[in-house]
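Note sheet for the following structure.
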Amino acid sequence: MESAEIQTIAFTIILHAGNGRTLVHEAFPLMRAGKYEEAEAKLQEANDALVEAHNAQTDLLHRYANGEDINMEIIMVHAQDHLMTSTTLREMAMEMLEMYKVVKGN
């Protein structure tokens, strides 16, 4: 796999993971304001963006598993980190949403 293709995949992951992270951050003030349905919608949008990033990652893993030679570059390491931290942030936000519902009421 050429360096340019690895970089394209990495930036695809970064783009979608970043969009997901932004949407999670948009959900936090909605949670604090008790706008739970709106917060849930933001978190679903975040999930959709993270799925796009994950799909790019999965395609790369399938190619590797099928024997394609892939030289990892630092930008891909960054992309993987970005995806995992954004995914973790969304998972935590989902838990926080449920806690807000309990503490502040539905």
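The values are calculated or read from the model by the stated rules, or taken from the named source; none is laboratory data. Everything numeric in this text was worked out from a predicted model, so none of it was measured. For neighbour counting, all protein chains shown are included, and Cβ atoms are generated from backbone atoms with ideal geometry for every residue, glycine included. Just so you know, the surface numbers come from the protein's heavy atoms only, side chains and all, with ligands and any DNA or RNA stripped out. Shrake-Rupley method; radii C 1.70, N 1.55, O 1.52, S 1.80 Å.
Structure summary
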item: Distance cut-off 24 Å, percentage of C-alpha pairs in region 3-105 lying past it; result: 32
item: Distance between region 47-106 and region 1-24 - C-alpha centres, whole angstrom; result: 11
item: For the chain: relative contact order, % (alpha-carbon pairs under 8 angstrom, 6 or more apart); result: 44
item: GluC sites (Glu not before Pro) within region 22-106, DSSP loop, no more than 10 other Cβ atoms inside 10 Å; result: E68
item: Protein accessible area in the chain, 1.4 Å probe - carbon and sulfur %; result: 57
item: 0 to 90° range, to nearest 10: angle between helix 3-32 axis and the chain longest Cα axis; result: 0
item: Gain upon complete extension [F11, E73; 0.36 nm per residue less C-alpha separation]; result: 21.1 nm
item: Residue-level accessible surface for D81, protein heavy atoms, 1.4 Å, Å²; result: 90
item: Solvent accessible area, Å² - I74, 1.4 Å probe, full protein context; result: 140
item: Accessible area of the chain divided out per residue, in Å², using a probe of 1.4 angstrom; result: 60
